[in-house]
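Okay, structure first, notes after.
The values are calculated or read from the model by the stated rules, or taken from the named source; none is laboratory data. The shown structure was predicted, so the numbers you read here are calculated from the model rather than taken from an experiment. Backbone-built Cβ (ideal geometry, glycine too); neighbour counts: all protein chains shown. Each accessible area value is taken on the protein alone, full model and side chains, heavy atoms only, with ligands, DNA and RNA left out. Shrake-Rupley method; radii C 1.70, N 1.55, O 1.52, S 1.80 Å.
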Amino acid sequence: MAQLLILGADGELSPNAYFRALGNEMLTKNPSLLRRAISLALLYSFIFTNVVAAGAFASDTKGSTSNSSAITRFTTDLTQLGRDGRLRENLNLEKETLRLIKVLGGDDLRQPVLIDEKGENQEFVVEQLAMRIVNGSVDKKLADLTLLKLETATLFSSAMTKKEVSALVDAVVDGVVAKNGKIILFVDEITNLFEAGNAGGKLINNIASGKLRIIGGSSKAAYAAKIENTETAKLFERIDIFSGSNANAENGRVSPEDRRNYRGDNVSPDLRQMMADDPSGTKRVDVILQAKDAENGVLRAIMSQNNVRLKDRIGNTDTLVLDLPLSALNDLSTSGLINYVSPDREIKSLGHLETTSGTAGMRSQPSGYGRTSAYSLDGSGVGVAVIDSGIYAAQKSFNDGTLTSRVVYSQSFVSGVSSTEDDYGHGTHVASILAGSASRDTGAYQGIAPKANLVSLKVLNNLGFGTTSSLLSALDWVKNNRTTYNIRVVNLSLGTFSVDTWTNDPLCLAVQDLNYYGILVVTAAGNNGKNFLTGQKIYGQVHSPGNDPSVLTVGASNSLGTDSRGDDTMATYSSHGPTRSYYDDATGRHFDNVIKPDIVAPGNKIVAAKAKSTSTLVTLFPTLTNSTLNIAGDDNDMMYLSGTSMSTPMAAGAAALLFQMNPKLTPTMVKMLLEYSAQPLNGVNMLEQGTGQLNTDGAIRIARTYKFDKDFDDYAKGNAMLQSGQSIPTASTTIAGHTFPWAQGILANHVYVKGTNLVNKFNETYQNWYWFEDGINYNSAGTPSLDGRFGGGLTLGTNVLWSNGTAMGGGTVLMASGVLVGDGVLVGDGVLVGDGVLVGDGVLVGDGDGVLVGDVTMAQTILFGGDNTAAMR
């Protein structure tokens, strides 16, 4: 580990010595300045630590630096990037951009300073200005100007001493001033430069005299601490980002739409391939278009001119479902009016539980833990949306022996189908695993949350297929009706192949929105973990939206039909990570490579409720049931199905129990509890099992110690989550005589985080609209570190491991996380993963319907057969 520098004989500065001396002086002369310098101290600690590791490069900066070379080395020309088409328009920032133009074009000497909560959106606003300068959409006073961004990280890391930092800043400022107002300099955290020795004073003087045109950036906290109440504030015109209409009315936060961060090309890779395959552009395809403003007149004119037909709009959002000729995509892409366009891809279904999951032992909860009386933990009062092929509502699994069904609402989103019946036979089975309460056979087939209320949203037809647009409509319905039915969990035992990076994929963005509104989305990983002809293991086939970091992605394990967990293994077909969704830009192709699934749960040959005998699955595959499972009448029959579709509702049911126990929990807290308490399976790696196998017992035992009177979505980082007098339980569980340890960690994209403070102290990453990787920083070399959204006392793990059955961190290395940060993955058993598929497995990308993968038909057979092992009876 690199260490901070020490003050040497040549007078080079160490941060320790500098801030000690600075602190002493401030303490005696101006205590308030000492407080304002704390954040700078942290910055310099980072800078000097990295300088040690890059001393050879930094040494080149010693000596004089010319003004012109300083500008070349330490700035980026944003206007040139605009000319090159490398910037993207964002009409969500139009208000701030227009305000910026007005301030810069005014006669006042004051310069604009862009302020937002955490300094995350300032550069986006400045990029909008750069594009407007390039296309001439600015005041004539700003025409033909050059807009440069000061690369502060590069500048600071190129200096060994404070004196060198000051000299480099001085050289850049002198170079800009020498251009006599032809350059506007953007500094993303301007408060740091004000404290850069003599250069900071010179910077202020040049602004005050009108010689320097500058756009400052600052977080709200830094501006309040270092500028707002000082004389320097008179030099600036404050522009707040995401104020007014952009602020969310519910909690004052930035809305999900405003936090979008689309990456790369705004046309999906498979659509680009279709365009290349059809130069005439006459072929018509159905697409999902994420517009910046769906009602924009210019956009609608482009659609009309290109014979684009509007098929649907997803609720009141700016997402449109269009039927268009491929030739229209070029005009839409270059219009500056869209965020992303992708095919309306096909969606497919993906297919003793109380005891082996650890639920049975937690069903009866005693008084205590903040409660005055005992109660049953069964999902009562919690709404769960099952988005699937529909639910056979008359099944006795859902009416508790009464005439009242717990399927409280049903709607079909399948085009041309109004019936909400389960014509395929998949959704009923899924819902029964999650919340079935069949009393037959002494409760042998009872689900995880048997009193939860079910909302059935049908998106799969009688063959088990649907469309992205129908799923988007269903997800939008959940968002708009969540409070009516108290929906806290969404179950998605379906998916489509991951192509678009999770920041662009419309399904990923839709499930992120639900996290913002306090809903946990639990989704299947997929059933493409092996080549069904050769049996060879395949990596990189996790489906969308399971590739999204906000959701709980569930793979399939195999309980072998026993309650004991000592013999549990992985189901061979369960899809493995890393996610291979990607985006393309001018520098090439960039894969997400997120470690998925998050956890696994039993999914092989699961017995649960059967839909009507006329449903497709039962009709085509009568061996899915037998005389033992079938009794008089359709409304109480059971059947077998296999797959991650069956694993997913087990985890969704566990989430419903946690929300019943404590409605104040956030979605990401529930995800944390399920990952932290999971059982690591011996000999299985993280790309197969995530943190391990679902352990409802452990998650509940932690959650019942938490405070019930605190809104955790508005909780401060570092605060204790436990009730007074409570402590975290022992990190192990015993089920059917077998004792196993918990994972005691979570996954955060390319790394893992472990430590008791994950469950003991509140971390900012637990708030709605945050997920674990928001607490991870990567430097320019791709090296990860924990940032301020995680509290202290945690350990960062940077290897993907084969588990030895102990807590997370135990086992042998499969690969380093640095491989995941890169754009290629070679896993330990020699299977090369490229472009989202196993090389040479017959996968075709780019047909008229989106993405066709050669082994989909084989994967579907998992529903009917599964792994040929012992199973439930």
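Annotations
- Under a 5 Å amide H cut-off, with hydrogens placed 1.01 Å from N, Ile538 pairs with Lys530, Asn531 among residues at least 5 apart or on other chains.
- Farthest positive-ward along the range 77-199 dipole, Cα basis, beta-carbon charges - from Asn180, Val126, Ser157: Asn180
- For the set Lys396/Lys605; Lys102/Lys211; Lys102/Lys234; Lys220/Lys671; Lys479/Lys671, the pairs lying more than 24 angstrom apart at their alpha carbons are Lys220/Lys671.
- Cα-Cα pairs of the range 576-704 separated by more than 22 Å (percent): 54
- Legend: residue pairs Lys530/Lys761; Lys710/Lys754; Lys163/Lys761, Cα-Cα distance threshold 31 Å; pairs beyond threshold, Lys530/Lys761; Lys163/Lys761.
- Gap separating the Cα centres of the range 266-283 and the range 784-814, nearest whole Å: 42
- Per-residue packing, averaged as other Cβ atoms within 10 Å, sorts the ranges 450-457, 214-221, 483-490, 328-335 into the order 450-457, 214-221, 483-490, 328-335, beginning with the highest.
- Projecting the Cα positions of Leu694, Ala720, Trp742 onto the charge dipole of the range 690-803 (unit charges on Cβ atoms of Lys, Arg, Asp and Glu, taken about the Cα centre) puts Trp742 furthest along the positive direction.
- Using the Karplus relation 6.51 cos²θ - 1.76 cosθ + 1.60 with θ = phi - 60°, the per-residue 3J(HN,Hα) values for the range 719-725 come to 6, 5, 8, 7, 5, 4, x Hz, with x marking Gly and Pro.
- Residue-level accessible surface for His750, protein heavy atoms, 1.4 Å, Å²: 30
- Cα shape, the range 456-593, gyration tensor, a/c 1.5 rule: oblate
- Phi angles of the range 603-608 translate, via the Karplus equation with coefficients 6.51, -1.76, 1.60 and θ = phi - 60°, into HN-Hα couplings of x, 9, 6, 8, 8, 7 Hz per residue; Gly and Pro are given as x.
- For Ile387, net neighbour charge (Lys/Arg +1, Asp/Glu -1) across residues whose Cβ lies under 12 Å away: -1
- Heavy-atom accessible surface of the range 83-192: percent carbon and sulfur, 1.4 Å: 46
- A simple spin-label model places the labels of Ser418 and Leu98 4.5 nm from each other, with each point 7 Å out along Cα-to-Cβ.
- The H on the amide N of Gly683, modeled in the peptide plane, is under 5 Å from the matching H of Ser803, Asn804, Gly805, each at least 5 residues off or on a different chain.
- Built amide H within the under 5 Å cut-off of Gln111, gap 5+: Phe236, Glu237
- Per residue, the range 583-662 exposes 27 Å² of accessible surface when a 1.4 Å probe is rolled over the protein heavy atoms with every protein chain present.
- Packing order of peptides 113-120, 606-613, highest average first: 606-613, 113-120 (average count of other Cβ atoms within 10 Å over each peptide's residues).
- Scoring 532-544, 763-775 by mean Cβ neighbours within 10 Å over their residues and listing the highest first yields 763-775, 532-544.
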